[in-house]
Amino acid sequence: MGLLAAAYEVMNNAGQSDRTGSGPIPGDVLRPNDSGPVMGGEMKITRDEVEKVSLLARLLLSERELEAMTQQLGRILEYMDLLGEVNTEGVEPMAHAIEVSNVFRQDRVEPGLAREEALANAPHRDEECYLVPAVLGEP
Amino acid sequence: MSEPYQILIGLEVHVQLLTESKLFCSCSTRFGQPPNTQTCPVCIGMPGTLPVLNRKAFQLALKAALALNCRIARFTKWDRKNYYYPDLPKGYQISQYDLPFSADGYLPISDPRGQIEPKRIGIIRVHLEEDAGKSMHDEVAGRADSRIDLNRAGTPLLEIVSRPDIRSPGEAKAFLTELKLLLNYLEVSDCNMQEGSLRVDANINLLVDTPEGAVPTPIVEVKNMNSFRAVERALAYEAQRQYEAWQASGIRQGGRGGHKTTRGWDEAAQVTRAQRTKEESSDYRYFPDPDLVPVTVTDHEIDELRRSLGELPADLRQRLARTYGLNAYDSDVLVSQGRRLVEYYIQLADHCGDGKLASNWVQQDVLRVLNERHMTIDQFPVSAERLGELLRIVRCGQLETSRARQVLAHMMSTGRSANQAMAEMGIEEVGEAELEALCRELVAANPKIVQQVKGGKVKAAGALVGQAKKRNPNVDPQRVHKLCLELIEKM
């Protein structure tokens, strides 16, 4: 999951000015940018940016991996720029890849996992809970 | 209010919705169950699972947004908010980012005691998201580990974000009180802070008056407030702290060192303390959740839900004032007790024909019993119709209040009607002649009291009323009092 999120982070940041505040910004998400510079040889993403997103994704990358990721993510972003060549005049942005909406379930409780099953794969646990290194402070 | 600054407060409120099951899976949302007994592969983030939206949760959310006068989006979608924390098993929270289901509303607040001016607090947005699990760290036991309980993970949460329209800690409390009452009436949430079904964060800063105009201080997000009183106190403390910090440092919002920070309220010490600075919103790397399809809402559905809201607190207060002649304070007290109690009151007022009398009895007698016995109005042993009968008798002057209270007590313990209860208690009206004879007797037998009253100590006549009640419990103390004073006057 971390890598997918990282890729979107890069796409969202590339070519866009920093925004402040956390309010809703229509169209700010997943909008392939068509205004960023596309110069031959110039990377679409810097090493610092890759380092930052790898930290957010909790991926510990070696020097060599960082270099490789910068190259590869840059090429992915360049490839995504192909989308910019499509004429999207008058085309509504999509919110989802399939044309389905309003899938609901009834508000009914059904049996889930027994605790033993839920905790079965936990690396560390006690009788009731998952155990993790001490959590102090807020998310 | 002579401080040289204005306070700006915006609140972010999370409430759990009153659904049976979680937002995207069928696990129970019941509070207080043993840890990790209400989970399934969906809410503990197993690969290959698929979340499906709970229809009831979406409808409750729509009702709340409509009651908060929000614009309902005809098209809304789900986004992933990515961050790592041990109580968030998927590594992301399903939330709503750029297309929340509702926005641009307001909640009017007022105060029947006149402490704050009536005003509207703007609502920026209301969106739906899933709750995280709970992490527990027992510092006393000195444990090296934190324990994670995922029962709560996936419980539906409504996030309500106000505009920074709130100008005082008192207004913040009024906003929260009204919001809680509204959501209670709608049966959207029980808003129980102890059980965590209502949580509040506040953004606060000051506009300080200076010769060069109003200058904003850096915004502080205050967390960890566990009651409405705590919110009020934390904000009052924080406003004062920011003013002192401004005087000492002159740091302004946006200037050097003027970025937004987070502070936690320390209830024991009654102070806010700095917490580590929050990640920027873009660090959450929001993107649309491919596992969930969008939701569309039609005008027809909105109209139907709007009709199902019922009479809301603000309308009810007005109706009680208009139809039953109550003042703002009394109608507020009754409405604050919830819809069922107001329904009881209205029945009672209609039966006895006196809105004020009914209000006094509900506030003084019915509510006292409910509090003492920890019961709800539905469990109150005397129906509005029967209590109304008793109050009709009181209204005719056939029964004085303290005696009527005894009758009510008898009705509660025996289930009798007012008339039956009075007959069993031997209550009958004392005739004028009988009453006068009794008073004459008392005045003649108590020359000391008569002297005191004549000497200007009118209060002394109270002892005569006490004696009269002992001789005949059916006498009306007010009539005895009046009659005795008249007799003494003539002596």
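Would you calculate a helix-derived [θ] at 222 nm for chain B, using -39,500 (n - 2.57) for each DSSP H run of n ≥ 4 and dividing by the full residue count, to the nearest 500?
-12000 deg cm²/dmol
Using a Förster radius of 30 Å, what is the FRET efficiency between residue B:472 and residue B:192 based on their Cβ-Cβ separation? Nearest 0.05, please.
Taking R0 as 30 Å, the efficiency between residue B:472 and residue B:192 is 0.05.
Would you tell me the mean number of C-beta atoms belonging to other protein chains that fall within 10 Å of each C-beta in B:290-302, as a whole number?
2
Filter the GluC sites (Glu not before Pro) in the range B:112-186 to those in DSSP coil with at most 15 other Cβ atoms within 10 Å of their Cβ, and list the result.
Hits after loop and neighbour filter: B:139.
Would you mind giving the mean number of other chain beta-carbons within 10 Å of the Cβ of each residue in B:125-133, as a whole number?
1
Relative to the longest principal axis of chain B, what angle (0 to 90°, nearest 10) does the C-alpha long axis of helix B:339-352 take?
With both axes taken from Cα atoms, the answer is about 20 degrees.
With axes computed from alpha carbons, what is the tilt in degrees of helix B:462-471 against the longest principal axis of chain B, rounded to the nearest 10 within 0 to 90?
80 degrees
Could you give the angle, 0 to 90 degrees to the nearest 10, between helix B:228-249's Cα long axis and the longest principal axis of the Cα atoms of chain B?
Helix B:228-249 and the main axis of chain B meet at about 60 degrees.
Determine, for each peptide in B:423-435, B:85-97, B:251-263, the mean count of other beta carbons within 10 angstrom over its residues, then list the peptides with the highest first.
The densest-packed peptide leads the list: B:85-97, B:251-263, B:423-435.
What length, rounded to one decimal in nm, is gained on full extension from residue B:241 through to residue B:74, with 0.36 nm per residue of separation minus their alpha-carbon distance?
Separation in residues times 0.36 nm, less the Cα-Cα distance, equals 55.7 nm.
Given the options B:7, B:401, B:367, identify the residue whose Cα lies farthest towards the positive end of the charge dipole of the protein assembly as shown (+1 on Cβ of Lys, Arg; -1 on Cβ of Asp, Glu).
Checking the options against the dipole of the protein assembly as shown, the answer is B:401.
Can you tell me, using C-alpha contacts under 8 Å and at least 6 residues apart, the relative contact order of the range B:432-490 as a whole percent?
The normalised contact order for the range B:432-490 reaches 41 percent.
Work out the FRET efficiency for residue B:490 and residue B:356 from their Cβ-Cβ distance, taking R0 = 45 Å, and round it to the nearest 0.05.
0.80
Only Lys, Arg, Asp and Glu count, each charged at its Cβ (+1, +1, -1, -1), so figure out the dipole size of the protein assembly as shown about its Cα centre, rounded to 20 debye. Could the numbers behind the result be given before it?
On the way: 75 positive and 89 negative charges, 544 e Å.
So the magnitude is around 2620 debye.
Can you tell me the length gained on complete extension of the stretch residue B:137 to residue B:395, counting 0.36 nm per residue apart and subtracting the Cα distance?
86.8 nm
Can you compute the charge dipole magnitude of the range B:183-290 about its Cα centre, using +1 on each Lys and Arg Cβ and -1 on each Asp and Glu Cβ, nothing else charged? Give it in debye, rounded to the nearest 20.
So the dipole magnitude of the range B:183-290 works out to roughly 420 debye.
Mark the label point 7 Å from the Cα of residue B:84 along Cα→Cβ and return the residues of the range A:58-80 whose backbone N is within less than 16 Å of it.
Inside the label zone: A:58-62, A:66.
Above 33 angstrom, tally the Cα pairs of chain B and express them as a % of all pairs, no decimals.
Of all Cα-Cα distances in chain B, 55 percent exceed 33 Å.
So which trypsin sites (Lys or Arg not before Pro) in the range A:71-139 are both in a DSSP loop and have at most 12 other Cβ atoms within 10 Å of their Cβ?
Numbers: sites: A:75, A:105, A:108, A:115, A:125; in loops: A:108.
Qualifying residues, ordered by number: A:108.
Ignore the peptide's own chain and count Cβ atoms of other chains within 10 Å of each Cβ in B:33-46; give me the average, rounded.
Per residue, the average neighbour count from other chains is 5.
To the nearest 0.05, what FRET efficiency results for residue B:271 and residue B:2 with a Förster distance of 22 Å applied to their C-beta separation?
0.40
Please report the relative contact order for chain B, taking Cα pairs under 8 Å with a sequence separation of at least 6, and give it as a percent rounded to a whole number.
Values: 832 pairs, mean separation 65.0, N = 491.
This gives 13 percent for chain B.
Compute, for the range B:438-491, the length of the dipole vector about the Cα centre, with Cβ point charges of +1 (Lys, Arg) and -1 (Asp, Glu) only. Units Debye, rounded to 20.
120 debye
Identify the trypsin sites (Lys or Arg not before Pro) of the range B:110-179 meeting these criteria: DSSP loop state and at most 11 other C-beta atoms within 10 Å of the C-beta.
Of the trypsin sites (Lys or Arg not before Pro), the ones in loops of the range B:110-179 whose Cβ has at most 11 other Cβ atoms within 10 Å are B:113.
Alpha carbon centre of the range B:346-380 versus the range B:305-337: separation in Å?
With the range B:346-380 and the range B:305-337 each reduced to a Cα centre, they are spaced 16 Å.
Considering the zone a paramagnetic label at residue B:445 would reach in this model (a point 7 Å from Cα along the Cα-to-Cβ line), which residues of the range B:461-491 have amide N under 13 Å from it?
B:464-473
Quick note: the coordinates plus some simple rules give every number you see, no bench work behind them. Predicted model, so just to flag it, every value in this text is computed and none were measured. Note that we place each Cβ from the backbone using ideal geometry, even for glycine, and neighbour counts take in every protein chain shown.
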